[in-house]
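The next block holds one structure in the form of structure tokens; read it before the comments.
The numbers here are math on the coordinates, done by the rules we state, and not lab data. Note that the coordinates shown come from a computational prediction; the quantities given were computed from them, not determined experimentally. Glycine gets a Cβ as well: all are built from the backbone with ideal geometry, and neighbour counts include every protein chain shown.
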Amino acid sequence: MPGVRVDANVGGSDAGMNASSDPGSALLEVRGLSKSFGTLRALQEVDFTLRAGEIHALLGENGAGKSTLIKAVTGVFPRDAGIVRLGGAEVAPRSAKAAVDAGIATVYQEVNLLQNLSVAQNLYLGRQPTRFGLVREAEMRRSAAALLAEFDLHIDVAEPLGSYSVAVQHITAIARAVDQSARVLILDEPTASLDRHEVEILFAVMRKLAQRGIGVIFVTHFLDQVYEICDRITVLRNGRLIGERATAELPRIELIRMMLGRELAETTSERAAAQVRQAGEVCASFADYGKAGYVAPFNLSLRRGEVVGLAGLLGSGRTETARLVFGAERADSGSASVEGKPVRLQSPRDAVAHGFGYCPEERKTEGVIADLTVRENIVLALQAKRGLARPLSRSEQDEIAMRFIRLLDIRPPEPERPIGLLSGGNQQKVLLARWLATSPRLLVLDEPTRGIDVGAHAEIIRLIRELCDDGLALLVISSELDEIVTYSDRVIVLRDRSHIDELEGKAIDVSNILAAIAAAGTAGAEAGQA
Amino acid sequence: MMPRLQRGLPQIIALLVILAIDRAVSPQFFDLRMQDGRLFGSLIDVLNRGAPVALLALGMVLVIATRGIDLSVGAVMAISGAIAASLADAHGLPIALTAALGAGLLCGLWNGFLVAVLGIQPIVATLILMVAGRGVAQLITEGRIVTFTAPDLVWLGNGAVLGVPAPVAIVLGMLIVTGAVVRGSALGLLIEATGGNARASELAGIGTRAMILAVYVWCGLCAALAGVIAAADIMGADANNAGLWLELDAILAVVIGGTSLFGGRFSLVLAMVGALIIQAMNTGILLSGYPPEFNLLVKAAVVLVVLLLQSPRFANAGAMLGRARQ
């Protein structure tokens, strides 16, 4: 009799293993998923397949649709079309909670737990073990400790969650999700704020989960980590599925090409129009300029009449470089000089006083002041530069506003319209006007064409060229490589928050930039042949 | 000019409606008479009684325009009133007034330091002085009601300039000074920009910290002046009750005046109109013979209506309701 019992048990566990860890079976299937926000088509008929027991990277640049896909699958917002099947059965959760109940859990970069409660309380919040209506603290702690021990995490679960590192908080969030019988675990940029050692711990947890047959979706922009841990890769771009590949069969340069959407063949002589411009003398330079944990020290000289492009993947340190140059972040190493004289750039105010201007990437939150009129938005930087005591009279303001509305063809040409009512392209032009009104020597443009329709797009690029011909130094960031190639006299390539390469003159083309991005670090050998 | 006028229209209409109601409950409401070189009458009473709140609102409107708030103004009134009352008889008006206003300046600096330099949320930062300030005032008066007779200080509460009561004249003067500073320089634009989007303003090169510090200092100064007037009016300083809850009236006046608690666009004049609306309600309820407790309920109802009108969600719901009906 005992033998029979043992047999039955073995048989049962075998069956369980087969069902959950068969590498071929699709655990989560997304078919034809579409989602629009107004006129913006954020997702267009995207397919996605996650197998049980695999770690699957979901990659793409800003606006590719990764977050939209996750949120549409987990019911954060409704989908317009498409179906989602979990283990063969169709699911349509209508909220994040419903998704968790169905077996799809998500852990976001910003951990959605309560810092002031203990680790144990966080693990069992809303489902505490109770007796006669009272929470059984001791039992809760015992099972919390046991749960975390499964992930080789041995900590005092009675301490507040906030007293532990971000990595521990992530693992706590994952443990909570897994314990609520998750079959699919979505990790949205979990490693963004972790150091190397913490990443190792998290990866160990992810591998353990995969062995148990859980499907893990890993969203990140650290490509090294993708190659380290992921079995398969799905790439999205502009809301469309670009492809799904096994990691082992996808060279890094091919992956970058999929993400940025460039084919080597079509990039050969795009720079035909590249004018040989006579660069003027250096107007601003930075030596060993950097900030620990933000962007590695770099050397950068900007000459009059020259466009310097910053290229790299999302999170490579492009915006960080721009913010250091403009004083929006304070450097903790190196020195800056303007027209040969050393300067200190402690704040944007200092930078503006030295003739710098900055159009940030986040136009809505960091650029326009939506309630104010076009006129007020245009004169703002000039007024700040002149100081309080020297106000621009209303007629001066009107004159400046009308001059730039005409010069940049801002529509509608109404200076008294609140800027929030203008289209993205026209808002961007107003921000350009804001800085041009200050007669700057250096203008930093972070993704100047992001979210702008095609017509305005070409116009902004034309403006960038004209500005440069007028003797302005320009530092331009763009994810659109062909755009960078079109207007840059020099291109600085960034990767993992450091400046790794510089291309000049004829060397500037998309394939060289792609090669430089892929070349650095572990993939050096691979890119050598590219 | 048209949009400007339209912008103030609801407030002006509200004031006129309330004045008309006042006239209905008290037929002599609009009667004016001249006595001892000073105008008297219910209408003058509204202006005169409204002066402290109007002064508070004058400082508060700038603070709120930067997306801040100052809960401590009532306590600052108590401090400055206590200082002025304690010093007036022995040292004369100039010293008493300088000390009282200096104290207000310091209080404003403290608030501004907490908000602009340390980055503490305004509501919490100024709550500290709201609580502590009344204690400070009680320490100054040693828990008593300090009375004084110095005639020049008393004049600030009861005197008149060309027939206009001194408090009203002081409010007018401060309104003109504030208006000249704020709209005559670029300060107004920069404050509206900072309140509208602080990050964008800083990236446009505006020294947002110094400006936020300055508006809290100005708010403290206005509150101190209000405290002196309130003390002069009753020829004494009562640290327990001077300016009690007036910070709420001041905030209400600003909000009624159309300045959003989310910062940005502000109007000094409409904040004054807001203060008048509140005082006209107070006076009307007193004249009507209803118990003054009603006043609090009426005020609460007005706050609710004003905030509902400003709430985007309410506006959306209204719009959706309208569509649904169609």
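For segment B:194-251, the ratio of Cα radius of gyration to the globular rule of thumb 2.2 N^0.38 Å stands at 1.61. Normalised by residue number, the volume inside the convex hull of the Cα atoms of segment B:75-221 is 120 Å³ per residue.
For segment B:112-174, the average shadow cast by the Cα convex hull is 6.6 nm², which is a quarter of the hull's surface.
Our Cα-only numbers for segment B:13-145 put the radius of gyration and Dmax at 18.8, 54 Å.
If you wrap chain B in the convex hull of its Cα atoms and look at it from every side, the mean projected area works out to 19.1 nm².
Here the Karplus relation 6.51 cos²θ - 1.76 cosθ + 1.60, evaluated at θ = phi - 60°, turns the backbone of segment B:222-238 into coupling constants of 4, 5, 4, 5, 4, x, 5, 4, 4, 5, 4, 4, 9, 6, x, 10, 10 Hz, with x for every Gly and Pro. Of all lysines in the structure, those lying under 25 Å Cα to Cα from A:Lys97, and not within fewer than 8 positions of it along the same chain, are A:Lys35, A:Lys66, A:Lys71, A:Lys208. Normalising the Debye intensity of segment A:131-184 to I(0), with uniform scatterers on Cα atoms only, and taking log10 at q = 0.24 Å⁻¹ returns -1.01. Rounded, prolate or oblate, given the Cα gyration tensor of segment B:136-255, with a/c below 1.5 counting as rounded? The shape class here is prolate.
What is the projected area of the convex hull of the Cα atoms of segment A:73-151, averaged over all directions, in nm²? The directionally averaged projection comes out at 7.5 nm². Amide H to amide H distances under 5 Å link A:Ala81 with A:Ser34, where only residues 5 or more positions off or on other chains count and H is placed in the peptide plane. Just need log10 I(q)/I(0) for segment B:207-288 at q = 0.14 Å⁻¹, Debye formula, equal scatterers on the alpha-carbon atoms, no solvent, rounded to two decimals. Those come out to -0.61, one per q.
Output the 0 to 90 degree angle, nearest 10, between the alpha-carbon long axis of helix A:2-21 and the longest principal axis computed from the alpha carbons of chain A. Its long axis makes an angle of about 20 degrees. Between 0 and 90 degrees, the angle of helix A:196-211 with respect to the longest Cα principal axis of chain A falls at about 40 degrees. Label segment A:404-451 by shape, choosing from rounded, prolate and oblate, from the square roots a ≥ b ≥ c of the eigenvalues of the Cα gyration tensor; if a/c is under 1.5 it is rounded, and otherwise prolate applies when a/b is larger than b/c, oblate when it is not. Judged from the Cα gyration tensor, segment A:404-451 comes out oblate (a/c at least 1.5, b/c at or above a/b). Using the Kirkwood radius built from alpha carbon pairs, what does the Stokes-Einstein equation give as D for segment A:314-399 at 25 °C and 0.890 mPa s, in µm² per second? Using the Kirkwood radius from Cα pairs, D works out to 167 µm²/s.
Three principal axis extents describe the C-alpha atoms of the protein assembly as shown; from largest down they are 106, 87, 59 Å.
When ranked by the protection proxy of mean other Cβ atoms within 10 Å per residue, highest first, what sequence do the peptides A:213-225, B:243-255, A:90-102 form?
B:243-255, A:213-225, A:90-102
Across segment B:159-225, the convex hull enclosing all Cα atoms gives 79 Å³ per residue. Couplings 3J(HN,Hα) for segment A:160-176, derived from phi with the Karplus relation 6.51 cos²θ - 1.76 cosθ + 1.60 (θ = phi - 60°), are x, 4, x, 7, 9, 5, 4, 4, 4, 4, 5, 5, 4, 4, 5, 4, 4 Hz, where x marks Gly and Pro. With only the Cα atoms considered, segment B:1-89 has a convex hull volume of 185 Å³ per residue.
Residues in segment A:233-240 carry Karplus couplings, in order, of 10, 10, 10, 10, 8, 6, x, 10 Hz; the curve used is 6.51 cos²θ - 1.76 cosθ + 1.60 with θ = phi - 60°, and Gly or Pro positions show x. Per residue of A:380-391, other chain Cβ atoms within 10 Å of the residue Cβ number 6 on average.
Think of it as helices only: each DSSP H run of n ≥ 4 in chain B is worth -39500 (n - 2.57), and spread over all residues that comes to -25000 deg cm²/dmol at 222 nm.
Helix-only arithmetic for chain A: the sum of -39500 (n - 2.57) across DSSP H runs with n ≥ 4, divided by the residue total, places the mean residue ellipticity at 222 nm at -11000 deg cm²/dmol. Here the Kirkwood formula, the inverse mean of 1/r across different C-alpha pairs, assigns segment A:362-507 a hydrodynamic radius of 16.3 Å.
Protection proxy ranking for A:240-248, B:231-239, B:215-223, A:301-309, using the average of other Cβ atoms within 10 Å per residue and placing the highest first: B:215-223, B:231-239, A:301-309, A:240-248. Taken along its principal axes, the alpha carbon cloud of segment A:48-192 reaches lengths of 47, 35, 26 Å, longest axis first. For chain A, the longest principal axis of the alpha carbon atoms and the long axis of helix A:454-469 meet at an angle near 50°.
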